[in-house]
1. Condition (residue is of a type in the set (S, T, N, Q) and touching a helix residue (DSSP H, G or I) at 6+ places or on another chain (Cβ under 7 Å)) applied to region 117-132: is it met by at least one residue?
2. May I ask you to list the residues in region 109-151 that are surrounded by fewer than 23 Cβ atoms within 10 Å (Cβ to Cβ), closer than 19 Å to I79 by Cα and under 14 Å from the mean Cα position of the chain (by Cα)?
3. When region 32-54 is examined, which residues are found to be assigned to a helix (DSSP H, G or I), in contact with a Phe, Trp or Tyr (Cβ under 8 Å, 6 or more places away or on another chain) and of a type in the set (A, V, I, L, M, F, W, C)?
4. Kindly list, by first and then second residue, each pair from a residue in region 185-202 that is assigned to a helix (DSSP H, G or I) to a residue that is surrounded by fewer than 15 Cβ atoms within 10 Å (Cβ to Cβ), limited to pairs with Cβ atoms under 8 Å and residues at least 6 apart or on different chains.
Amino acid sequence: MQPIFDFFFDQYYGYPTLFIILEIIAVVFGFLSVIYSKQNNILVYPTGIISTAIFVYLLWQWELLGDMMINAYYFSMSIYGWYVWTRKVDEDHYTPITNTTKKENWQSLFIFIATLVFVYLVYEYFEKWDNWTAYVDAVTTAVFFVGMWQMALKKVENWIFWIVGDVISVPLYFYKGLTLTSIQYFAFTIIAIYGYRAWQRNLRNDLRPSLK
């Protein structure tokens, strides 16, 4: 049993206790945020804000710039998403779940490419192209940027980006020595699959003509 424990958590030996506690808190609120997102619940944003704020601090301390930028972006988009989700489209209805339009697909492509360029410039400036993980970071950052933007707009397709990014992040974070965060992203992958199905059902129900 001890060798298995050491395999998963040996990375934490020597970590400041405060960092470990903060990571646990961030992971818990991250779980809550994704679960609330699956349920189309506005609490996705306050819980997400707490989680991302903590991760921004931790990732800055660990000098993981790409991951830090992802969470800083999540933080700002959570504020925007909170506003969009509580905005009424008419007197009785709030922003509904919808599919992306052709224009929004082009906007998503632009965000993806612009994010890749931005991350490249940041890593180039800080001379962080010293490991293969930096290249994966650039891609996952772009994927998650699009996913967060689409989630703020309540687009079903946001879950596809979350699933892709989560699948990549599971081994990536474990390799970086962040076992708890790796486990978190594994759970995120499962929740995102169910979230995608739940939002599809929600959309079909909204589009179903009501019986008089």
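Every read-out reported here was derived from the displayed coordinates using simple, explicitly stated rules and does not represent laboratory data. A quick note: this is a predicted structure, and the numbers were derived from the prediction, not measured. Every residue, glycine as well, gets a Cβ built from its backbone with ideal geometry; the counts of neighbours run over all protein chains shown.
1. Taking every residue of region 117-132 in turn, none turns out to be of a type in the set (S, T, N, Q) and touching a helix residue (DSSP H, G or I) at 6+ places or on another chain (Cβ under 7 Å).
2. If the condition is that a residue be surrounded by fewer than 23 Cβ atoms within 10 Å (Cβ to Cβ), closer than 19 Å to I79 by Cα and under 14 Å from the mean Cα position of the chain (by Cα), then W149 is the only one that fits.
3. V34, V44, I49, I50, A53, I54
4. Matching pairs, first to second residue: A198/Q39.
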